[in-house]
Amino acid sequence: MVMKGKRGLIVGLANDKSIAYGIAKACHEQGAELAFTYLNDALKKRVEPLAQSFGSDKVYELDVSNEEHMQNIAGLIEKDFGKIDFLVHSVAFAPKEALSEPFMKTTKSAFAIAMDISVYSLIDLTNRLESVLSDDASILTLSYLGGPKYIVNYNVMGVAKAALESTVRYMAVELGKKGQRVNAISAGPIRTLAAAGIGDFKQILNWNEVNAPLKKNVTTEQVGNSAMYLLSDLSSGVTGEIHYVDSGYSIMGMAAAEQTEDGKTVLSWDARK
């Protein structure tokens, strides 16, 4: 098995519909030993059973904005694992009003929160875990097309994802000197708890399905398998990359076109109607 003997921490698992779950499942199936974090007591009730389903009892409370939690996480990992070989950062947050109101109405505090939780937490967490990350550790975070391009209703999270992708590149250079790798997966839209906060998300799903080259949306299993590759030694020569797992949607410069029965060329969206 590709991940046999590997140990890793997955930060941000919420439920069995989340991308983090798909990543955990793929890594577990390839032999990895896993540890998980939960944000608060409400989520602890969800995360513990999921961890058990992967044969793990290593579940830690971790709110990345809580200094005590951040100070303790490395010690907990060292006690249970000694060292870990990979880290999955599946953490993002913006206040509700920053997603529902126009981008230009974003408040300074909402902007700061989005950047702190969604971006700086990757830097901070990696620094806190420095002593327990193996010399060839692989670090993975999650992005979205709304970072490099405009996506309706994504607002301040788009700016945060753009910053996150840049962070991946800068971290890759500095950590590469130690032999450690940093990458991101930019997944297509998936019905997750996080996606529920984005307005008109159903329309985004439909649009992607119609216009992606593969004519379908991706699944958490597909994203999980790609993540497993980036976390494993199979990708030992890959770092600083933003890997798209979106049925090819990100390559499109305009809506796909189709031929109608009378020979006319129409946009796929119009043809579907």
TODO: Identify the residue in segment 199-232 that is assigned to a loop (DSSP other than H, G, I, E, B) and farther than 16 Å from Tyr249 by Cβ and, among all such residues, is modelled with the lowest pLDDT.
DONE: Gly199
Open item on the list: Need pairs with beta-carbon distance below 9 Å; first residue modelled with pLDDT under 65 and within segment 248-265, second of a type in the set (Asp, Glu); sequence gap 6+ or separate chains.
Closed with: Thr265/Glu258
Open item on the list: Quick check on my filter: what residues within segment 129-156 are within 21 Å of Phe36 (Cα to Cα), crowded, with 19+ Cβ neighbours inside 10 Å and either modelled with pLDDT under 95 or not aliphatic (A, V, I, L, M) (or both)?
Closed with: Ser138, Thr141, Ser143
- [ ] Determine whether segment 86-100 contains at least one residue that is outside any helix (DSSP H, G or I), in contact (Cβ under 8 Å) with a residue 60 or more places away in the chain, within 16 Å of Val156 (Cβ to Cβ) and not small (Gly, Ala, Ser).
- [x] yes
TODO: Sort out which residues of segment 14-46 are among the hydrophobic types (A, V, I, L, M, F, W, C) and either within 17 Å of the chain's Cα centre (by Cα) or closer than 22 Å to Ser232 by Cα (or both), and write them in order of number.
DONE: Ala14, Ile19, Ala20, Ile23, Ala24, Ala26, Cys27, Ala32, Leu34, Ala35, Phe36, Leu39
- [ ] From Gly147, Gly179, grab the single residue that is of a type in the set (Gly, Ala, Ser), farther than 22 Å from Ile251 by Cα, out of contact with any Ser or Thr (no Cβ under 7 Å at 6 or more places or on another chain) and not in a strand (DSSP E or B).
- [x] Gly179
TODO: For Lys45, state whether it is under 18 Å from Ala20 (Cβ atoms) and charged (D, E, K, R).
DONE: yes
Task: Looking only at segment 50-85, and only at residues there that are part of a loop (DSSP other than H, G, I, E, B) and among the acidic types (Asp, Glu), the one that is nearest to Tyr120 (Cα to Cα) - done: Asp63
Open item on the list: Report every pair of residues separated by at least 6 positions or lying on different chains whose Cβ atoms are under 6 Å apart, first residue within segment 1-25 and closer than 12 Å to Phe36 by Cβ, second among the acidic types (Asp, Glu) and assigned to a loop (DSSP other than H, G, I, E, B).
Closed with: none
Open item on the list: Tally up the residues in segment 150-162 that are over 14 Å from Ala94 (Cα atoms) and part of a helix (DSSP H, G or I), please.
Closed with: 1
Task: Residues of segment 233-259 satisfying the condition of being assigned to a loop (DSSP other than H, G, I, E, B) and either small (Gly, Ala, Ser) or under 30 Å from Gly179 (Cα atoms) (or both) - done: Ser236, Gly237, Val238, Thr239, Gly240, Glu241, Asp246, Ser247, Gly248, Gly253, Ala255, Ala256
Task: Matching residues in segment 16-49 - criterion: being under 15 Å from Glu221 (Cβ atoms) and outside any helix (DSSP H, G or I) - done: Asp16, Lys17, Ser18, Gln30
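The values are calculated or read from the model by the stated rules, or taken from the named source; none is laboratory data. Computed from a predicted structure; not experimentally measured. Note that we place each Cβ from the backbone using ideal geometry, even for glycine, and neighbour counts take in every protein chain shown.
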